[in-house]
Amino acid sequence: MERVDRCVVLVDAGYLLGAAASLLAGEPSRSRITVDHAALIQGLRERAEADTEQPLLRIYWFDGAPDRVPQPEHRRLRVMPRVTVRLGALTRSDGRWAQKGVDAAMHAELTELARNRACSDVVLVTGDGDLLPGLMSAKEHGVAVHLWAVQAADGDYNQSEDLVAEADERRVLDRAWITRAVRAKDLSGLCPPPPAPRPEIAAILSAPLPEAALAEAARNGSSAPAAPDTTEHGTPVPAPANEGAKPVPTPKDLATLRAPGQPLTPAQPSHAPAGSSALRWSSDKGWIDRAGPLGEPAETASLPTLAQLTSAEQRWADREEDITTVGGDPFEVGQVFARRWMERLPETVHLQKLATMYPRIPHRIDGELLRYAARFGLLAHKDDQIDEHDRYAIRAGFWREIDVRAAAEHVGGTPAPVPGAPGDPGGRVRVEDA
């Protein structure tokens, strides 16, 4: 069989991006960098064709993913020309993520390409010495092996010395080359003074935890804590700032509160103190009373879901956009969902109704939002549950987009800061899964 004169690039994404993060951000965490994958693939192709003086056959991108479920970056990569994505498993051990099966997959691909004489040159972007047997096998089949390294942050090698010694050609991807497609995230501007929350958020933040309230009542000798102060319109008044920070109640804590005169629900203990009926959150689940058919609140029963508003043609276009342009960041996912929902509403009265419900997302829409987020792998490696921080960011992105549109149409007034949005340290209020 005659060998074909062309080159193939095998990329260990864990090595390439981890080393780039170490070089640019000072630590190997890929969450510290932003990657322009289109520019990176183009740079790899141009560099490989220049170094080997052969046309490119294909770039193989080897990476780990939880349960081998493609993440957003993998979806973007695998639809690019001349790119094939191969996924190994990503497992967590002792608080650290580790790839499983990636080295074996690279070894198998390398030896198969060489055995079938599919190329004359192979470019390996890796530092793992486990590839040494595959490298030696490829050389025995007459393939020239080019080993590329990412410039090490400390100026030393970040590759196996045996791998370096066995390669036919060696190159270093320096900082100037890396920064054409990769940059460190700027974290300096992420902690400005927190914006003023809406009244509902202020009420939640100022409400004491049930346990704390009961303890305070016991100290004062009273049987139950007093309900929060309210204005003449019934809006809870936040506690004065000089009282000191109080614990932030979780949705489960809030579920134990009840409005004055409201009967206990199964979720509430017999000693549940009275609270404010204005304390609601992004779900109709739990202590919020449900009315109407199937427990749907009457005020939300008329709100259409995104699925009801979407035609078959739009569904196809949405899927294409999800694959090619939506990055999969939880906040961005919430924004995309909200934008589509608003753009397809037949009348603005639905937007007006939703804007008055902040921060509670109606149950049907909230569930649909989380199911949409699951497409981006946000459920993976978390026991089929979206991480609490991610759920918070998804809903924060949803409300940010709703606020912007509502303000533009003079529906909900000035956009209110959404805790957890970019520019807010966030994390002060947590949300319950719908």
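The values are calculated or read from the model by the stated rules, or taken from the named source; none is laboratory data. For clarity, every value in this text was computed on a predicted model and none was experimentally measured. Ideal geometry is used to build each Cβ from the backbone, glycine not excepted, and the neighbour counts take in all protein chains shown.
General observations
- Counted residues, segment 126-149 - those being surrounded by 17 or more Cβ atoms within 10 Å (Cβ to Cβ), assigned to a helix (DSSP H, G or I) and within 33 Å of the chain's Cα centre (by Cα): 1
- Test for Ile361: is it part of a loop (DSSP other than H, G, I, E, B) and either modelled with pLDDT of 85 or more or more than 17 Å from the chain's Cα centre (by Cα) (or both): yes
- Scope segment 365-383; condition out of contact with any helix residue (DSSP H, G or I) (no Cβ under 9 Å at 6 or more places or on another chain) and at pLDDT below 85; matching residues: Ala374, Asp383
- Leu10 vs. criteria assigned to a helix (DSSP H, G or I) and not hydroxyl-bearing (Ser, Thr, Tyr): no
- Look at segment 315-328: where a residue is assigned to a loop (DSSP other than H, G, I, E, B) and a partner is of a type in the set (Phe, Trp, Tyr) and surrounded by 12 or more Cβ atoms within 10 Å (Cβ to Cβ), sitting 6+ places away or on another chain with Cβ atoms under 7 Å, you get Gly328/Phe376.
- The numbered conditions (1) among the aliphatic types (A, V, I, L, M); (2) crowded, with 20+ Cβ neighbours inside 10 Å; (3) at pLDDT 80 or above are all true for Ala317 except (2).
- Among all residues of segment 16-26, there is none that is farther than 22 Å from Ala118 by Cβ, of a type in the set (Ser, Thr, Tyr) and buried (at least 21 other Cβ atoms within 10 Å of the Cβ).
- Residue within segment 32-53 that is in the same structural domain as Gly127 (by TED's automatic domain parsing) and touching a Ser or Thr at 6+ places or on another chain (Cβ under 7 Å) present: no
- Failed item, numbered, when Ala38 is tested on (1) modelled with pLDDT of 95 or more; (2) out of contact with any Phe, Trp or Tyr (no Cβ under 9 Å at 6 or more places or on another chain): (1)
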